[in-house]
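Structure, as structure tokens:
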């Protein structure tokens, strides 16, 4: 073979050439850079305007959860606006009743928390020695690196002022957020399919109109089914754990059942927090080693069965999410919005996956998000 033939580009491996063309087509550096900058701008905006976006996201998720109830009342010839008000009032009544029932036990437990933690410290004194040595070493390093005298009185005063300002701002934001969410939720429920009709009217072709309706119906149905299923599963989980804690003579067993049902809405992190709380309560309640170990162990077994057997069977493979993607979503949304972000992380993922599954061009993303 001649030197020219060896260097002829036409003699290259056709598979390699084809693969290169695919990468050129899909991995355009400029488009990736622009998309990356756009995502950074979106996340920064979500963080900066979290006081506005958090209520909006919660209102949309609750709308998808409560819309079937409003539709059921509509079939009973109750007007949409009135049905939305009834459902919203019922939701507030359930939340208020739950708060009234469990507020006092929770407040009592929080009040006893310092004493309980001292008991835990006494029972774990076998690891106290090494921890104290590390703490003393840290304090010694702080003294070495400390330069110049400090005014203790001014520091205390500044800290008190900052704490009061922070509490005022956080309380104001919370009240504003709850009020915004409830008002927006009512309008979303009362408007029904208004936004879908607007989208359909804006589309030029009949084929596009039909496809938009089909996708919207599938998304709403699947998301509502998922949310209802998770709520029912977590309710049953809370009842089961509350009953188990009652049998094991744990104090305020039904409070821990409610706690278990609520924290289970945050995968992994919520379950870890639940196990830790149950372990601390058991340590402060029982002197016997066996009685101390059993409650957190039972908690682990119940949530293990729920997470690995019950939920996958009920939801089916189609609505199960990739665990790695879930964990990354929790980290991302938790970093952006804190606890509210961790609560909405999984519902946002589910909505995104269902949309991708119903839009042919986004099928690859849906496959990546699934288990």
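The values are calculated or read from the model by the stated rules, or taken from the named source; none is laboratory data. Note that this is a predicted model, so its numbers are computed, not measured. Using ideal geometry, Cβ is built from the backbone for each residue, glycine included, and neighbour counts are taken over all protein chains shown.
Quick notes
- Check on residue 278, within 30 Å of residue 252 (Cβ to Cβ), surrounded by 15 or more Cβ atoms within 10 Å (Cβ to Cβ), at pLDDT 90 or above and within 18 Å of the chain's Cα centre (by Cα): no
- Residue that is nearest to residue 356 (Cα to Cα), among those in segment 185-214 that are more than 28 Å from the chain's Cα centre (by Cα) and not in a helix (DSSP H, G or I): 203
- Of all residues in segment 338-356, those satisfying the criterion of being touching a residue at least 60 places away in the same chain (Cβ under 8 Å) and more than 10 Å from the chain's Cα centre (by Cα) are 350, 351, 354, 355.
- Residues that are free of Cβ contacts under 8 Å to residues at least 60 places away in the same chain and surrounded by fewer than 19 Cβ atoms within 10 Å (Cβ to Cβ), drawn from segment 255-269: 262
- Scanning segment 62-70 for residues that are modelled with pLDDT of 85 or more, assigned to a helix (DSSP H, G or I), surrounded by fewer than 17 Cβ atoms within 10 Å (Cβ to Cβ) and within 21 Å of the chain's Cα centre (by Cα) turns up nothing.
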